[in-house]
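The structure under discussion appears below in the form of structure tokens.
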Amino acid sequence: MGHRSRGGRSARPVGSAALAVALAAVVGAGAAVAQDQSGGTVKVGFIAPVTGFVAALGQDMRNGWDLYWTQNGTTAGGVTVETIYEDDAGDPEVALTKARKLVEEDGVQMTAGPILANTAYAVADYVAGQGLPSFHITGADDLTQRRANPLVLRVGYTSSQSNFPAGQWAYDQGHRTAVTLCPDYAFGWESCGGFVSAFTNAGGTVTQLWHPLGNQDFASYMTDIQAAGPDVVFVGSAGGPDAILLYQTYAGFGLKDTTPLIGNCCFADQVFLREIGDIGAGIESFGYWVESRDSDEVTAFVSAYEAAYGDTPSLYAAGSYMMAQVIAEALEATGGVVDGEAFVSAARGVSLADSLYGPLAFDDLNNPVGPVYRTRVEPREDGRLVHVLQETFPDVSQFWTYGQDAFLANPVFSRDFTGVAP
Amino acid sequence: MRAVAVGLGGLVLFAAFSAPLVLAPYPLTLLSLVCIAAILAGSVNLLMGQVGLLSMGHAGISAAAGYGVAWAAVRDMDPLIQLAVALGVTLVVSLVFGLMTMRTNGIVFLMITLALGMTVNGLAQKLSSLTGGQNGLTGVRRPPIVADQGAFYLLALVMLLVALAVTYGLTRSSFGLTLRGVRESEGRMSSLGYPVARAKLLAVICSGLMAGTAGVLAAWQSEFMSPAAAGFSRSAFAVVMVIVGGTGTLLGPVVGAGVVVGIEHWLSSYVERWPTLLGVVLIVVVLFARGGVVGAVQDLIRRWRPGDRGGAAPPGVPALATDGEAVVMTGPGAQAPAGAGKEDL
Amino acid sequence: MSLEQFALQTLNGLTFGALLFLLASGFTLVYGLMRIVNLAHGALYLVGGYVAVVVMARTGSFPLAVASGILAGAVLGLAIERLLLRRVSGQELPEVLLTVGIAIVIGDLCLAVFGGKAELLPVPAELTGATRLGSVMYPTYRLVVMVVAVVVGAGLYLGLQRTRLGARIRAGVDDREMASAMGVGIDRLFVIMFALGAGLAGLAGAIGAGLLTMRPGADLDILLYALVVVIVGGLGSIPGAALGAIVIGLIDAYSKTWFPEFATFAVFAPMALILVVRPTGLLGRAT
Amino acid sequence: MGAALPVDVPSSPDAALPGGVPLPRDVPLPPDAALPGGVPLPRDVPLPADAALPGGVPLPRDVPLPADVPLPAAGHHVLRLTGVVRRFGGMTAVDGVDVTLAAGERLAVIGPNGAGKTTLFRLIAGELRPDAGTIELLGRDVTRMHAWRRARLGLSRTFQVANLFGRLSVADNMRLAIQAGRPSGWRSLRPVRGADDVATSALDTLAQVGLAGRQADPVASLSHGEQRQLEIAMALCTRPQVLLLDEPAAGLSAGEREMLRRLIADLPRTLPIVLIEHDMSLVFGLADRVMCLHQGRPVVVGTPDQVRADERVQAVYLGRSTHA
């Protein structure tokens, strides 16, 4: 799949005539900016939703990405990194078209993003098919499990990965019955799957509730939770609006004071904390990004980010920052050469001993093995709500303690399979 | 004048067919998307322009066909079997759409189609063993013969031309006249002895088959299927394409598809507030160019040659009210706008 | 399922239905009198909600926040009617399409102004918290929403039945031509009604901002629900909107417990079925 | 006398139209038909020998029939309503109507606003279903039959408010009427052509109603009266066996009314017609029999003269209670 060649360019008037006919009223048809790939430049296609229902996450991703290049300069390994931004609007079809545009029109040599699992699967499938590396922060389990590809690297955890320790911990705390509430699609199935499999394997029993994506009203689930009267509630949310609504309702029903709640990585994310207000204090969750963790890397990043954008950096901002970091250091390692799998191998070799997430290493399927943190939401000195580290579970693998082969013998977590122990 | 039109048309066709020789893959991708969107918009236009029924759920039909192809393609079935599966699914879904709406019109038709579209979207999310749920189906591959983007574009282009030809034939047939009769007055059609519900059912199925064609091509084009393909915004965009291009005109949906695909996939790379732009375009067209882009162009041409029969006709009266003319934008009792002329191909 | 749980789920359905009623009543009023299917109604809800959140943050006054939400909806509605809808007055399809365009623009501009995050209206302390109902706690605010809906519903009903303006509106709904022939200022009536309907959307937004949060896409999500409510109840009928809101609220609540697999579109299938059997909705008048 | 009129209709010697054309009469009324209060219905009313239209215009006769119109079997009723009732909510719009239309007969239905005329009409046309009673058309029970099937049997109607295909041409309107009776199938996919290609029979019919040469015009450009003419032309194109005319003169000018009257009068005498009309002069000039409805019930059925003279009818129209 070539990019526009010089020959193609000379034939452009005819081409744009056809384009102009088809795109009739689009003003300035034919004015598409075609940049030839000149030496010393590496183009990276950055796909994030800045419109649509997950626009907040997409904006944070852009911020984190930009911050890295602003801080460190856009030169790495002797080449200049040029980012071409695309908006996927949270729609996989659009994400795919944008990925095609990036590869075929702009001639990018790799892509980074997007965030939603379905958009990520669509983009990864296509970009890998073109022989190009793609970097992700999405949680979608199978991206580095049953659909793993040597061209795909995840600079983040799978959806289930950080929730295995949550299930084990809840049991260790003496909880024996749990209600899990997760959105009824892949991310939710995988999030709850992590907790449920670990909790039931330890000996606990669960009642599983699933709420539809974009749910309007959580009251029914609160009544169900009240009826079940569990020792603990686990919420595996994709964060954002749904999570705020959910927790608001949870508190409104008085459950906050009667039943302990554990969140996954993204339930009480920083986007959530910006909006939730006082009732957010005290939420316990399991994740891999702790903005108040005592580490020079984290402190420097958080203060720079807050200075630049005024908000506490979210998981998505931190993830994008790390994607940029991994790509930059891989470019250093290869001397600016981007060559498919070799580049991904270089990226795997980047030292992340003291990353924003803590000490990371990649497993054979290009997913990090690293620490999972138990945190508690507390106000900082300036009153801002932040996650405060309570406990660290080191070297958690995406396969938990089951081992790769045994784990992959099962189907991916779904509504029908959350790894409930027999 | 006619010679100029024919010449221009020929030139456009020549340019369209020679595009794969001169364009890079990505512009071809966009052009393929335009062709596909135009077929879907054309299927909406068939109902809107001929029968006066506004469907807000047609993406549901095309997505069902797309899932048919994707389901079979992921299982490595022969392209012909993929098509057979898609045809079956399309027929079933169109039949459900038709049976549930054939005794309705106006806003009730709109609401039921909207509900059915949302139902397809919901089923696509829930039947995850068949559809891959929210994650969608990856690993769909085009038939080898059209694996190349250029070849696939030609396929989409030919299918678009076929769809246009079928639409043209249908609007010129007595069945088309029957549908326009239904649009104008259902009661009168019944009293003349027409089974109105049956005519509407047939129209929905015809339109559904066309939407299904778009769905098949869309699945092959993106080599991916997800519930978003059946989402409300997809259906709404198809309607916007028809309005912007020109309701009831043959080429309107093609032009509208060009505009909307252009804004959504191309301009959005440069303009962050592209949805606002799209909304403004829709508002402007509804307020000032009732016949859409095609209607406005026809108007211009008519004004440009005052000696012509079109110019002589009193305003609001189509030059030659024979066939295919249709602008359903007007309310009951309102006069046909000046754009409601005969389609000059 | 225990009786108490059933009763609580019913209450959940009724309180969610109460919000839907607030939104649907404005929609149905406008449709009843003007035959305008206002698909920008959800966008007005969004604006009302966002404005309430902003005013609350600035002034800290909940009543002022709600009032400005209503006002924002009404003013925006007025502008839409005067500047845009008036130009295609009486033409069903162009009106619908115009409101689609307006909805797209408002939704996108809200995203531009307020960003993609969810905005929650901080409800004053006396309305938050939980009320004890039997052995369980129930959120006080939900009960407040229900009271508001009942008051608004009763006010609308009495206003239509007992006042001169109401009589004129009913005359206009019954027979537009006759009403205008009788000298009823149908033109001014339309403006008042559209502003009223939009104000109700703004009210629903302000209330909903405390119950459901405002976020990109909330306009479309809630609009779909409101449409279903109105269609099920019968277009143009306030009692229909009330009945529809109750039915849809209950279906939504019960389906989440009993048919969780089909929770999202549990409301759409009954709507399609009701329409097939009774195309004018449960309380709609035959045309 | 080219008209193939039903010859064996029993007629009393003195009942004839001017010129000796025998009138179809002797309509079999149900034996128990009676007005409320037991008043027997007037029946078997002979037409006066000097029956003529107001102004002395003789009744039209000798109209050539299209050769291919099949005639209803002689002597049979073409339409019979038995005990037809229709309620809307708490109101009974049609309350037990029995009426029979004989072959070739012209029946007018009059009555004040709200008397149930239009409801009765819609019941006959099949747009409404009766709550009780039966409707027979050409010997078949059509009580539960859909409107379009009744139309296919030969029932044709016009509409109160011109209900044409406004944005289509006159030719297309006619074409829709002509192709209505034809089997659809694949043939319906054949192209139709321009305005000049309408079937000759359609052009003849257009000429008959006075719209010759107008086939290319869009219907919206026709005057109100011309739209009525087109309505009737279309109704004729469907080769009706029974014609229902719903207030054809409503909203027409005096001149247009007269044109319309002639048009209806000139229709083939064999074609049975049910006519709803407010314009009394039109009714009394055209109808063989008149039925006056009040509160959903027939008050009087009789010849135009009888009905005109009947004080119950006057009472109905003056708004006095019939039960006084």
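Quick notes on this one:
- Taking the Kirkwood radius as Rh and the Cα radius of gyration as Rg, the stretch B:65-105 has a ratio of Rg/Rh equal to 1.19.
- Antiparallel bridges, percent of DSSP beta bridges restricted to the protein assembly as shown (to nearest 5): 50
- The stretch C:213-287-the stretch A:303-354 distance, computed between alpha-carbon centres (Å): 48
- Net charge contributed by nearby residues that have their C-beta within less than 12 Å of residue C:122 (K/R +1, D/E -1): -3
- Within the stretch C:26-219, the proportion of Cα pairs with more than 25 Å between them is 41 percent.
- Of all accessible heavy-atom area on the protein assembly as shown, the percent that carbon and sulfur account for (1.4 Å): 60
- What the Cα atoms of the stretch D:78-190 give is an Rg and a Dmax of 16.2, 50 Å.
- Taking both sides together, the accessible area buried where B meets A is about 3900 Å² for a 1.4 Å probe.
- Of B:65, B:15, B:38, the one that fluctuates the most in a GNM where chain B has Cα springs shorter than 10 Å: B:15
- The phi torsions of the stretch B:264-271, fed into the Karplus equation with coefficients 6.51, -1.76 and 1.60 and a -60° offset, translate into couplings of 6, 9, 10, 5, 5, 6, 10, 10 Hz, rounded to whole numbers, with Gly and Pro shown as x.
- According to the calculation over all Cα-Cα pairs in the stretch B:18-73, the P(r) per 10 Å bin from zero is 21, 35, 31, 13, 0 %.
- Karplus-derived 3J(HN,Hα), 6.51/-1.76/1.60, for each residue of the stretch A:354-359, Hz, glycine and proline x: 9, 8, 4, 8, x, x
- What the Kirkwood sum gives for chain A is a hydrodynamic radius of 22.2 Å, with every pair of different alpha carbons counted.
- Relative frequency of Cα-Cα separations exceeding 67 Å in the protein assembly as shown, percent: 17
- Couplings 3J(HN,Hα) of the stretch D:91-102, computed from phi: 9, 9, 7, 10, 10, x, 8, 10, 7, 10, 10, 7 Hz, in residue order, whole Hz [Karplus 6.51 cos²θ - 1.76 cosθ + 1.60, θ = phi - 60°; x for Gly and Pro].
- Taking Cα centre as origin and charging only the Cβ of basic (Lys, Arg, +1) and acidic (Asp, Glu, -1) residues, the dipole magnitude of the protein assembly as shown rounds to 4400 debye.
- Accessible area in square angstrom per residue, the protein assembly as shown, 1.4 angstrom probe: 35
- Taking amide H as placed 1.01 Å from N in the peptide plane, the amide H of residue C:133 sits under 5 Å from that of C:138, each at least 5 places away or on another chain.
- When the Gaussian network model of chain B links Cα atoms closer than 10 Å, the mean-square fluctuations of B:189, B:56, B:210 top out at B:189.
- Helix content alone sets the calculated 222 nm mean residue ellipticity of chain C: runs of n ≥ 4 DSSP H residues at -39500 (n - 2.57) each, divided across all residues, give -25000 deg cm²/dmol.
- Computed log₁₀ I(q)/I(0) - Debye formula, equal Cα scatterers, no solvent, the stretch B:2-312, q 0.09, 0.14 Å⁻¹: -0.45, -1.10
- Evaluated at q = 0.18 Å⁻¹: base-10 log I(q)/I(0), Debye formula over Cα of the stretch A:283-361: -0.79
- Look at the dipole of the protein assembly as shown built from charges on Cβ: of A:268, A:44, D:210, the Cα furthest out on the positive end belongs to D:210.
- Sorted on the mean count of surrounding Cβ atoms within 10 Å across their residues, most packed first, peptides A:312-325, C:110-123, C:67-80 read A:312-325, C:67-80, C:110-123.
- Listed pairs A:98/C:256; C:117/C:256; A:101/C:117; A:98/C:117 exceeding 32 Å between Cα atoms: A:98/C:256
- Among residues other than residue C:218 with Cβ under 13 Å from its Cβ, the summed charge is -3 (Lys and Arg +1, Asp and Glu -1).
- The value for the stretch A:95-170 of Rg(Cα) / (2.2 N^0.38 Å) is 1.20.
- Around residue B:197: net Lys/Arg minus Asp/Glu count, Cβ-Cβ under 13 Å: +3
- Eigenvalues of the alpha-carbon gyration tensor of the stretch B:204-270, scaled by 5 and square-rooted, set the equivalent ellipsoid semi-axes at 19, 18, 11 angstrom, largest first.
- In a simple Cβ point-charge model (Lys, Arg +1; Asp, Glu -1; nothing else charged), the stretch B:2-312 has a dipole of about 800 debye relative to its Cα centre.
- Excluding ligands, DNA and RNA and using a 1.4 Å probe, chains B and C jointly bury around 3200 Å² of accessible surface, summed across both partners.
- When the charge dipole of the stretch A:207-323 is built from unit charges on Cβ atoms (+1 for Lys and Arg, -1 for Asp and Glu) and taken about the Cα centre, the candidate among A:289, A:299, A:221 whose Cα reaches farthest toward its positive end is A:221.
- Rounded, prolate or oblate (a/c below 1.5 giving rounded, otherwise prolate when a/b exceeds b/c) for the stretch B:26-108 by Cα gyration tensor: oblate
- Solvent accessible area, Å² - residue B:145, 1.4 Å probe, full protein context: 140
- Computed about its Cα centre, the charge dipole of the stretch A:66-105 is approximately 180 debye, with only Lys, Arg, Asp and Glu carrying charge at their Cβ.
- Taking amide hydrogens as placed 1.01 Å from N in the peptide plane, the amide H of residue D:109 sits under 5 Å from those of D:275, D:276, D:277, D:291, each at least 5 positions away in sequence or on another chain.
- Under a Gaussian network description of chain A, with springs only between Cα atoms under 10 Å, the residue in A:40, A:252, A:383 that fluctuates furthest is A:383.
- Restricting the calculation to alpha carbons of the stretch D:218-324 gives Rg and Dmax of 15.5, 53 angstrom.
- As an equivalent ellipsoid, the stretch B:144-207 spans semi-axes of 36, 11, 7 angstrom, where each value is the square root of five times an eigenvalue of the C-alpha gyration tensor, largest first.
The values are calculated or read from the model by the stated rules, or taken from the named source; none is laboratory data. None of these values were measured; they are calculated from a predicted model. When we count neighbours, we look across all protein chains shown, and the Cβ atoms used for this are built from the backbone with ideal geometry, even at glycine. Accessible surface areas use protein heavy atoms only, side chains included; no ligands, DNA or RNA. Shrake-Rupley method; radii C 1.70, N 1.55, O 1.52, S 1.80 Å.
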